[in-house]
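First the structure, in the form of structure tokens, and then the observations on it.
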Amino acid sequence: MNKKPASLLILFGATGDLANRKLYPSLYRLYKKGKIAEQFAVVGVARRELTDEQYQNNIKKSILSEINHVNECDLNPFVSHFKYHSHDVSDAASYAELKQLAEQMDETYDLGGNRLFYLAMAPEFFGTITQFLKSEGLTDTTGYKRVVIEKPFGRDYKSAEKLNAMIRTAFEEEEIYRIDHYLGKEMVQNIEVIRFSNAIFEPLWNNRYISNIQITSSETLGVEERGRYYDKSGALRDMVQNHMLQMVALLAMEPPISLTTEEIRSEKVRVLRALRKYSETEIPENFVRGQYDWDEKNLLAPYREEPMVQPDSNTETYVAGKIMIDNFRWAGVPFYIRTGKRMATKSTKIVVQFKDIPMNLYYQPKETLNPNLLVIHIQPDEGVTLHLNVKKSGQKEETKPIHLHFSNRNINGMNTPEAYERLIYDSMRGDATNFTHWEEVALSWKYVDRISQVWENTREQDFPNYFSGTMGPKKADELLEHDNHIWWPIEQFEIE
Ligand code: NAD
């Protein structure tokens, strides 16, 4: 694999929010770290009329607002690699000019014909763009051609399949890089390392020693200005189909025989195939939906009063669920997931709860009688905590709980790469491990579709059913109480 990949990045949606907040700063970090050499160039594509100079100034602005301690003049050599092409993606004629510009950049920067098409645009354009790229000859190139696609990849299995078929007319499966930015996160990638490089975990990683696994991804914000999109999507499609099920797959997969993209993906696919398919009547027993209401001080408006949201919306802003994996390793172990907006804390954490020891020899005050937990902190803090019990000083038969922490922040000079930085670099190098394969997308949609069909056919009479600033509706607690479990208070599990 080429260490410094030469490539032309053709960025559709060059004036958008994603490009400004994430993509330009990530490209700059890669450039500064020397990961992309002088042999890289970007053609930004969007509808607005802009000169190259205006475009380059916008890029500078976005970098200055996202990264501290950058001197504006130092950005000049970097932004000189960027050119702008004003272009309506539905108009075939614009593609001929884009092709010419691509060829010119290819020659100037000696890029070997390598092209990475990044679609940072609304999903309804994905099919149109890829088809024009082929029909107008942009995919006829001497180097590689790859397409990077942002979420959402469809809104159910049927639409995802249709979209995939359109993209496949222009790109092979191995040329399609479907972004799930959770897979670019340091600690999500660390799940595999923690599991497969520690002799103390792998032997315990099964239904004999693990009681349950809890995955929480909570946000404090509401839908903000995304009401139009979100009201047609909801938390199940926006978070569970992709990020939550990907984390389940990484936690539950068998050790791959090697770390190649194919081997890791095939183990993840086996997990997704083993997810228990609930019947229509089992779905309400195993999945809970929520919609946020006012906060307790009546300062933050409820979901139904957000801009572009239907006043009687049946869309869920919260999901909790009990996922069962019917295979030898996991039979009987619930994977509880929950995700939502306007919750008490902004955090993504995984709690692995081990089974209790067979007999307790020690007297422990009730509040300290804790099972062993392994907590994986995904964001905003990154690290691992192990909850153990040790002897209480001076007391012969009393124990106390302690927490062993590892925090990425505590490592000197450690600067965790941003997820997008890693994913852009991987797509340039041709490493698709941390992108989702069509088979994973298809299986996840099929799993989620069964739930969304039931939810769409039955209005939730209780909506809104949780106060903003809380950890979700009461029913989500009851889901675990029913199994004699509790949600661990992850809002108190910060790394000290
Ligand atoms: P945005 O609305 O801010 O930007 C859209 C871009 O598309 C703009 O540059 C606009 O000029 C361009 N555009 C729109 N219609 C066009 C046309 N007909 N021809 C040419 N250009 C056109 O959107 P965004 O927030 O940047 O999101 C882009 C994609 O990334 C979406 O698929 C979104 O779901 C996904 N995404 C965004 C974020 C985020 O943080 N913004 C996070 C995850 C995924």
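The values are calculated or read from the model by the stated rules, or taken from the named source; none is laboratory data. Keep in mind the model is a prediction, meaning the values are calculated, not measured. Virtual Cβ from ideal backbone geometry, glycine too; neighbours counted across all protein chains shown. Surface areas here come from the heavy atoms of the whole protein model, side chains and all, with no ligands, DNA or RNA. Shrake-Rupley method; radii C 1.70, N 1.55, O 1.52, S 1.80 Å.
Of note:
- All positions within the stretch 7-17 that are open to solvent by 10 Å² or more (accessible area, probe 1.4 Å) and either of a type in the set (S, T, N, Q) or more than 16 Å from the ligand (Cβ to nearest atom) (or both): Thr15
- If you go through the stretch 18-46 and pick out every residue that is assigned to a strand (DSSP E or B) and either over 19 Å from Phe117 (Cα atoms) or more than 10 Å from the ligand (Cβ to nearest atom) (or both), you end up with 4.
- Gln131 vs. criteria more than 16 Å from the ligand (Cβ to nearest atom), open to solvent by 40 Å² or more (accessible area, probe 1.4 Å), modelled with pLDDT of 95 or more and polar (S, T, N, Q): no
- The criterion of being open to solvent by less than 40 Å² (accessible area, probe 1.4 Å), aliphatic (A, V, I, L, M) and more than 30 Å from Arg228 (Cα to Cα) holds for Leu138.
- Checked across the stretch 181-195, the condition of being among the charged types (D, E, K, R), in contact with a strand residue (DSSP E or B) (Cβ under 8 Å, 6 or more places away or on another chain), open to solvent by 20 Å² or more (accessible area, probe 1.4 Å) and part of a loop (DSSP other than H, G, I, E, B) holds for at least one residue.
To keep it simple, each residue is scored yes or no on (1) outside any helix (DSSP H, G or I); (2) at negative phi; (3) aliphatic (A, V, I, L, M); (4) open to solvent by 40 Å² or more (accessible area, probe 1.4 Å).
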{"site": "Phe406", "(1), (2), (3), (4)": "yes, yes, no, yes"}
{"site": "Glu421", "(1), (2), (3), (4)": "no, yes, no, no"}
{"site": "Ser427", "(1), (2), (3), (4)": "no, yes, no, no"}
{"site": "Trp445", "(1), (2), (3), (4)": "no, yes, no, no"}
{"site": "Glu456", "(1), (2), (3), (4)": "no, yes, no, yes"}
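One line per residue, one yes/no per condition, for (1) over 20 Å from Pro77 (Cα atoms); (2) of a type outside the set (Val, Ile, Thr):
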site	(1), (2)
Pro5	no, yes
Thr15	yes, no
Leu18	yes, yes
Val42	no, no
Val45	yes, no
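- For the stretch 62-106, filtered to residues that are within 15 Å of the ligand (Cβ to nearest atom) and among the acidic types (Asp, Glu), the residue that is nearest to the chain's Cα centre (by Cα) is Glu66.
- Pair list, Cβ < 7 Å and 6+ apart or interchain, from the stretch 472-496 residues that are over 15 Å from Leu373 (Cα atoms) to residues that are open to solvent by 70 Å² or more (accessible area, probe 1.4 Å) and β-branched (Val, Ile, Thr): Leu480/Ile486
- Hits in the stretch 71-107 - residues which are in contact (Cβ under 8 Å) with a residue 40 or more places away in the chain and farther than 30 Å from Gly127 by Cβ: Leu75, Phe78
- Selected residue (criterion: most open to solvent (accessible area, probe 1.4 Å)) from residues of the stretch 59-85 that are within 17 Å of Glu421 (Cα to Cα) and of a type in the set (Gly, Ala, Ser): Ser65
- Inter-residue pairs, beta-carbon under 8 Å, first over 19 Å from Asp180 (Cα atoms) and open to solvent by 40 Å² or more (accessible area, probe 1.4 Å) and in the stretch 18-46, second aromatic (Phe, Trp, Tyr) and within 12 Å of the ligand (Cβ to nearest atom), 6+ apart: none
- Index of the failed condition, Thr220 passing every other in (1) of a type outside the set (Phe, Trp, Tyr); (2) within 15 Å of the ligand (Cβ to nearest atom); (3) surrounded by fewer than 22 Cβ atoms within 10 Å (Cβ to Cβ): (2)
- Qualifying residue in the stretch 47-58 (condition: open to solvent by less than 10 Å² (accessible area, probe 1.4 Å) and within 13 Å of the ligand (Cβ to nearest atom)): yes
- Filter pass, Lys162 being open to solvent by 60 Å² or more (accessible area, probe 1.4 Å) and over 22 Å from the mean Cα position of the chain (by Cα): yes
- Inspection of the stretch 90-107 finds no residue satisfying the criterion of being of a type in the set (S, T, N, Q), in contact with a Leu (Cβ under 8 Å, 6 or more places away or on another chain) and either surrounded by 13 or more Cβ atoms within 10 Å (Cβ to Cβ) or at pLDDT 95 or above (or both).
- If you check Glu496, Glu460 for being open to solvent by 80 Å² or more (accessible area, probe 1.4 Å) and either part of a loop (DSSP other than H, G, I, E, B) or modelled with pLDDT under 95 (or both), only one passes: Glu496.
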